[in-house]
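To start, the structure itself, in structure tokens.
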Amino acid sequence: MHVLVIGSGAREHALLLALKKDPQVDKLVIAPGNAGTAAVAEQRDVDISSADAVVALARDVGADLVVIGPEVPLVLGVADALRAAGIACFGPSKDAARIEGSKAFAKDVMAAAGVRTAASETVDNPADLDAALDRFGPSAGQPAWVVKDDGLAAGKGVVVTADRAAARAHAAGLLDDGHPVLLESFLDGPELSLFCVVDGATVVPLLPAQDFKRVADGDAGPNTGGMGAYAPLPWLPAGALAEIVADVVEPVAAELVRRGSRFSGLLYAGLAMTSNGPAVVEFNCRFGDPETQAVLALLESPLGQLLHAAATGTLADFGALRWHDGSAVTVVLAAENYPGRPRVGDVIVGAEGDGVLHAGTARRDDGAIVSSGGRVLSVVGTGADLDAARAAAYDILGSIRLPGSHFRTDIALAAAEGRIQL
Ligand code: GLY
């Protein structure tokens, strides 16, 4: 099988490494990729938001399967163009990708499917903002305001704050930029990310994971695209996963089929395990980053065959997934000033070992690997338990040098110490 992966992050690097282990995958191509993915796959350039360019590349490399990593090409309909060209694609149609692209659409689907989620209101007129803020946050007896960009924002469009001025400023800024704002009620309880391979009404869950969205230890500082993750979740009670699949993911997949927006690809449920049971924080239409780096490190089943089955309508026959025992921990190394405007162009030392996945990296003309984005590397450690996986990940990080860079030191720590309670 020839597989073309679209994207350039550590998530795509992890997808390539897992695909490479599949005995049926005999050719791997990545576009546009980064300095690390070039060592795993043939690297090609492409404008990932151009359906014509992706289809032309898929034909050129003889792709039997195209796996689309990021949400932007999905929301723009690149998967539709590939399917129309007769090329199997792992990734939802433009219509189904609205589950991530429009939070208002996702809320409507969840309401119809009877799935618990935060109460919400969309504001598109600045004149309505103050009255809407009064109905949420501390003014409505909740611990904080949750203010989101209604469209795609790479995880950075969310502000959770008990400071009304900060909530208002974020919302007003989004409205000034012409983006509708979603105000939500606050969901208590630990969060988890559940990735499911979905084809129509068929749902195959992967291991549950947890990510860390705030930039600094102790969940301090602004939100980011994700600073680390671990899998599986020792604090999740037995049976909870099956319950979430049955009560949340399957009803949403069925509702999407019912309304003619059949989903085929990776459906990512972000959930809060509240005192009243699981509630959806968000759905995404693709693998999450950095959770994928941890989850796929533990996958034993052949990933290429799994994604191909979903893309060709045979997922229901694939059978149960197999997993390696133990835990995996991902820690993200970010550039100076991330999640603000990151410093780029610095030489990275020690970026080529095992367990080092690349995101914002490029190869300079003189051969040096340099930083080229905010989240630069993901390191992945595995071990018999979370303590061992943490030790492995931080050990790898200790041998990497990037001036001005930063990382969290507490990824998976609370879970390893048994401090996460439901
Ligand atoms: N882990 C957050 C995301 O992928 O959106």
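The values are calculated or read from the model by the stated rules, or taken from the named source; none is laboratory data. Being a predicted model, the structure only gives us computed values, none of them experimental. A quick note on method: Cβ atoms are made from the backbone with ideal geometry, for glycine too, and the neighbour counts reach across all protein chains shown. Please note that ligands, DNA and RNA were not included when accessible areas were found on the heavy atoms of the full protein model with its side chains. Shrake-Rupley method; radii C 1.70, N 1.55, O 1.52, S 1.80 Å.
Restricting attention to region 253-269, the residues being within 16 Å of the ligand (Cβ to nearest atom) and surrounded by fewer than 19 Cβ atoms within 10 Å (Cβ to Cβ) number 0. Considering each residue of region 296-314 in turn, none proves to be among the charged types (D, E, K, R) and without any contact (Cβ under 8 Å) to a residue 24 or more places away in the chain. Residue 308 passes every criterion in (1) buried (at least 23 other Cβ atoms within 10 Å of the Cβ); (2) more than 10 Å from the ligand (Cβ to nearest atom); (3) assigned to a loop (DSSP other than H, G, I, E, B) apart from (3).
Tell me the residue from 350, 367, 345, 381 that is away from the ligand (no atom under 16 Å from the Cβ), closer than 22 Å to residue 215 by Cα and either of a type in the set (Val, Ile, Thr) or surrounded by fewer than 22 Cβ atoms within 10 Å (Cβ to Cβ) (or both), please. Just one listed residue meets the conditions, 345.
Annotation note: of 281, 249, 245, the sole residue that is surrounded by fewer than 24 Cβ atoms within 10 Å (Cβ to Cβ) and assigned to a helix (DSSP H, G or I) is 245.
Residues that are surrounded by fewer than 18 Cβ atoms within 10 Å (Cβ to Cβ) and of a type outside the set (A, V, I, L, M) within region 191-207 comprise 191, 200, listed in sequence order. The number of residues in region 208-218 being surrounded by fewer than 22 Cβ atoms within 10 Å (Cβ to Cβ) and either more than 10 Å from the ligand (Cβ to nearest atom) or of a type in the set (A, V, I, L, M, F, W, C) (or both) comes to 6.
Screening region 70-80 for residues that are over 15 Å from the mean Cα position of the chain (by Cα) and either open to solvent by less than 30 Å² (accessible area, probe 1.4 Å) or hydroxyl-bearing (Ser, Thr, Tyr) (or both) and picking the one that is nearest to residue 51 (Cα to Cα) gives 78. Does residue 106 satisfy the condition of being surrounded by 18 or more Cβ atoms within 10 Å (Cβ to Cβ), touching a residue at least 60 places away in the same chain (Cβ under 8 Å) and more than 30 Å from residue 309 (Cα to Cα)? No.
Residue pairs whose Cβ atoms lie under 6 Å apart, sitting 6 or more positions apart in sequence or on different chains, and linking a residue in region 162-174 that is surrounded by 15 or more Cβ atoms within 10 Å (Cβ to Cβ) to a partner that is among the aliphatic types (A, V, I, L, M), are 167/147; 170/147; 170/159; 171/129; 171/147; 171/181; 174/181. Scanning region 342-369 for residues that are in a strand (DSSP E or B), in contact (Cβ under 8 Å) with a residue 60 or more places away in the chain and either among the β-branched types (Val, Ile, Thr) or within 21 Å of residue 293 (Cα to Cα) (or both) gives 356, 357, 358, 361, 362, 369.
When region 284-300 is limited to residues that are touching a Phe, Trp or Tyr at 6+ places or on another chain (Cβ under 8 Å) and in a helix (DSSP H, G or I), the one that is nearest to the ligand (Cβ to nearest atom) turns out to be 291. May I ask you to verify whether residue 219 is farther than 23 Å from residue 111 by Cβ and out of contact with any strand residue (DSSP E or B) (no Cβ under 6 Å at 6 or more places or on another chain)? Yes. Look through region 52-69, keep the residues that are aliphatic (A, V, I, L, M) and within 22 Å of the chain's Cα centre (by Cα), and return whichever of them is surrounded by the fewest Cβ atoms within 10 Å (Cβ to Cβ). So, considering only residues that are aliphatic (A, V, I, L, M) and within 22 Å of the chain's Cα centre (by Cα), the one surrounded by the fewest Cβ atoms within 10 Å (Cβ to Cβ) is 65. In region 1-54, which residues are among the acidic types (Asp, Glu), away from the ligand (no atom under 16 Å from the Cβ), in contact (Cβ under 8 Å) with a residue 12 or more places away in the chain and touching a helix residue (DSSP H, G or I) at 6+ places or on another chain (Cβ under 8 Å)? Once the filter is applied, which keeps residues that are among the acidic types (Asp, Glu), away from the ligand (no atom under 16 Å from the Cβ), in contact (Cβ under 8 Å) with a residue 12 or more places away in the chain and touching a helix residue (DSSP H, G or I) at 6+ places or on another chain (Cβ under 8 Å), region 1-54 yields 22, 52.
Taking the condition part of a loop (DSSP other than H, G, I, E, B), farther than 17 Å from residue 360 by Cα and open to solvent by 30 Å² or more (accessible area, probe 1.4 Å), does residue 23 pass? Spelling it out, residue 23 is indeed part of a loop (DSSP other than H, G, I, E, B), farther than 17 Å from residue 360 by Cα and open to solvent by 30 Å² or more (accessible area, probe 1.4 Å). Can you say whether residue 238 is open to solvent by 10 Å² or more (accessible area, probe 1.4 Å), modelled with pLDDT of 95 or more and not in a strand (DSSP E or B), as far as the supplied structure shows? It is false that residue 238 is open to solvent by 10 Å² or more (accessible area, probe 1.4 Å), modelled with pLDDT of 95 or more and not in a strand (DSSP E or B). One residue stands out among those in region 219-252 that are out of contact with any Cys (no Cβ under 8 Å at 6 or more places or on another chain) and closer than 19 Å to residue 95 by Cβ: the one that is farthest from the ligand (Cβ to nearest atom), which is 251. Being on the phi > 0 side of the Ramachandran plot and open to solvent by less than 10 Å² (accessible area, probe 1.4 Å) holds for only one residue in 393, 334, 328, 412, and it is 412.
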